[in-house]
Amino acid sequence: MDDRWPVRIDLGRPGDAAAAFARARALAPAGPLAEDALAREAEALVQAGARSDARARAAEYLRLYPRGRRGPALRVLGGPE
């Protein structure tokens with residue numbers, strides 16, 4: 001992944017980071033970084049204040065990767081409000 005993405009979150013640009021993670025997934029949806037990109041997109045969306053979008057990405061992650069390593073954190077995010 002592009003090393004600038006975490007910096008976008010750190011610099012207060014989580015919306016830009018979320019968009020970059022979404023682009024990474026679109027470019028290689030079955031690639032080796034797709035799982036992490038989806039999780040990071042959900043996390044960035046939370047930081048951007050897009051809670052419903054973040055919940056949708058978390059639900060998608062849990063559907064695609066039910067035993068994924070980021071599952072526990074995303075289950076909390078994707079749970080009922």
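The values are calculated or read from the model by the stated rules, or taken from the named source; none is laboratory data. It should be emphasised that the depicted structure is a prediction, and the values quoted were computed from it without experimental measurement. All Cβ positions, even for glycine, are placed from backbone atoms using ideal geometry, and neighbour counts span all protein chains on display.
Of (1) at pLDDT below 90; (2) within 19 Å of residue 56 (Cα to Cα), residue 35 satisfies all except one. Which?
Just one mismatch for residue 35, condition (1).
Tally time: how many residues in the range 1-22 are exposed (fewer than 12 other Cβ atoms within 10 Å of the Cβ) and either aromatic (Phe, Trp, Tyr) or at pLDDT 95 or above (or both)?
0
Out of the range 64-79, which residues are in a loop (DSSP other than H, G, I, E, B) and at pLDDT 90 or above?
Initial filter on the range 64-79 (in a loop (DSSP other than H, G, I, E, B)): 65-70, 79.
Result: 65, 66, 67, 68, 69, 70.
For the range 23-56, which residues satisfy the criterion of being out of contact with any helix residue (DSSP H, G or I) (no Cβ under 7 Å at 6 or more places or on another chain) and buried (at least 20 other Cβ atoms within 10 Å of the Cβ)? Spell out the reasoning first.
Pass one, the range 23-56, residues out of contact with any helix residue (DSSP H, G or I) (no Cβ under 7 Å at 6 or more places or on another chain): 23, 26-27, 29-32, 35-36, 43, 49-52, 56.
Selection gives 43 alone.
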